[in-house]
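The structure appears right after this line, and notes come after that.
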Amino acid sequence: MNNILEIRGLKVIYGKSVAVHDIDIDVPEGSIVTMVGANGAGKSTTVNAMIGIVKPASGAVNFLGEDVTNLSTADRVRRGLALVPEGRKLFPFLSVYKNLILGATMRSDKTGIAEDLEFVYELFPKLKDRRMQKAGTLSGGEQQMVAIARGIMAGPKLLCLDEPSIGLAPVVIEDIGEAIRRINRSKGMSILLVEQNVHLGFGCAEYCYALTIGKIIASGPVDEIKNSGAVHKAYFGA
Ligand SMILES: Nc1ncnc2c1ncn2[C@@H]1O[C@H](COP(=O)(O)OP(=O)(O)OP(=O)(O)O)[C@@H](O)[C@H]1O
Ligand SMILES: [Mg+2]
């Protein structure tokens, strides 16, 4: 299987502190890969560098066989990378519908946009019911659905989700997990799922990277990592 994303030797420095040290990550085409780790492990820094919001000190981001390290975020999105950022970052005073359409800003394929709008309304029927409601007045779970749906509206080949479970009740997290698996299954979309919630990460992904203070301390198939003690070490340091 080809890798749709390859991150190589990624290093990110903020001021004098190194947030991410020489990280390598592969996402095989069509798969779900999870990156787990505690607060401050460097998960968001890694995916922000992947999409081009953060500039790496060294290393490379290869997407679909092309080195995109020096491309703008807009150019990466045009090529098929999308990030659903931590904390959702919706436009609270705009309607659900407008938030979704803004996700498709880089696209010109009207038919594809209409199909994806149908797909996200079918995936999250609540969003169709509430399409004229201001996004800021939705519940936390509904806002996360808008954020994921907006990511899909960009028409990506690789969708990266940064902690979609944050602040949500367990039953809503289950729904989000089911939606992530459906997006992967029915669209064949590759997914990089960043999570502190290992239950969600392991419930969706085939492959896992565990990060601690900017380093990958374990990686492998979820079934192996789950029982290896590596995740306990990533969270508790022993
Ligand atoms: N813009 C920034 N300026 C300075 N330091 C930063 C910045 N962003 C992140 N950091 C630092 O880099 C380290 C990694 O942070 P990052 O946000 O990537 O972690 P994370 O794994 O996403 O954590 P969380 O699970 O809490 O979201 C932390 O020590 C953080 O304080
Ligand atoms: Mg984060």
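Summary of values
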quantity: Residues within segment 152-181 that are under 17 Å from Val33 (Cβ atoms) and either within 16 Å of ligand 2 (Cβ to nearest atom) or open to solvent by 20 Å² or more (accessible area, probe 1.4 Å) (or both), tallied; calculated: 8
quantity: Among (1) within 16 Å of ligand 2 (Cβ to nearest atom); (2) free of Cβ contacts under 8 Å to residues at least 40 places away in the same chain - the single one Glu115 does not satisfy; calculated: (1)
quantity: Those residues of segment 197-220 which are open to solvent by less than 10 Å² (accessible area, probe 1.4 Å) and at positive phi, in sequence order; calculated: Gly214, Gly220
quantity: Test: residue in segment 52-59 that is under 28 Å from Tyr209 (Cα atoms), polar (S, T, N, Q) and either away from ligand 1 (no atom under 16 Å from the Cβ) or in contact (Cβ under 8 Å) with a residue 40 or more places away in the chain (or both); calculated: yes
quantity: Any hit, segment 60-83, residues being touching a residue at least 60 places away in the same chain (Cβ under 8 Å), within 16 Å of ligand 1 (Cβ to nearest atom) and open to solvent by 20 Å² or more (accessible area, probe 1.4 Å); calculated: yes
quantity: Which numbered condition Arg88 misses (of (1) farther than 23 Å from Leu168 by Cβ; (2) touching a helix residue (DSSP H, G or I) at 6+ places or on another chain (Cβ under 6 Å)); calculated: (1)
quantity: Cross-chain or 6+ apart pairs with Cβ under 6 Å, segment 215-238 first and farther than 19 Å from Asp24 by Cα, then open to solvent by 100 Å² or more (accessible area, probe 1.4 Å); calculated: none
quantity: When residues of segment 25-59 are limited to those that are in a strand (DSSP E or B) and open to solvent by 30 Å² or more (accessible area, probe 1.4 Å), the one nearest to ligand 2 (Cβ to nearest atom); calculated: Gly59
quantity: Long-range neighbours under 7 Å by Cβ, at least six apart or interchain, first residue among the hydroxyl-bearing types (Ser, Thr, Tyr) within segment 17-36, second part of a strand (DSSP E or B); calculated: Ser31/Ser190; Ser31/Tyr207; Thr34/Leu193; Thr34/Glu195; Thr34/Cys208
quantity: Residue count for segment 98-118, restricted to those that are open to solvent by 70 Å² or more (accessible area, probe 1.4 Å) and assigned to a helix (DSSP H, G or I); calculated: 6
quantity: Number of positions in segment 221-236 that are part of a loop (DSSP other than H, G, I, E, B) and either exposed (fewer than 12 other Cβ atoms within 10 Å of the Cβ) or of a type in the set (Val, Ile, Thr) (or both); calculated: 2
quantity: Lone unmet requirement of (1) assigned to a helix (DSSP H, G or I); (2) over 30 Å from Gly65 (Cβ atoms); (3) modelled with pLDDT of 95 or more; (4) open to solvent by 60 Å² or more (accessible area, probe 1.4 Å) for Met132; calculated: (1)
quantity: Subset of segment 17-33 (residues that are over 14 Å from Met189 (Cα atoms) and either within 7 Å of ligand 1 (Cβ to nearest atom) or β-branched (Val, Ile, Thr) (or both)); calculated: Ser17, Val18, Ala19, Val20, Ile23, Ile25
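The values are calculated or read from the model by the stated rules, or taken from the named source; none is laboratory data. Model, not experiment: these values are computed from the prediction. Methodologically, a virtual Cβ is constructed for each residue, glycine included, from the backbone with ideal geometry; neighbour enumeration extends over all protein chains shown. The accessibility values were calculated without ligands, DNA or RNA, using every heavy atom of the protein model including side chains. Shrake-Rupley method; radii C 1.70, N 1.55, O 1.52, S 1.80 Å.
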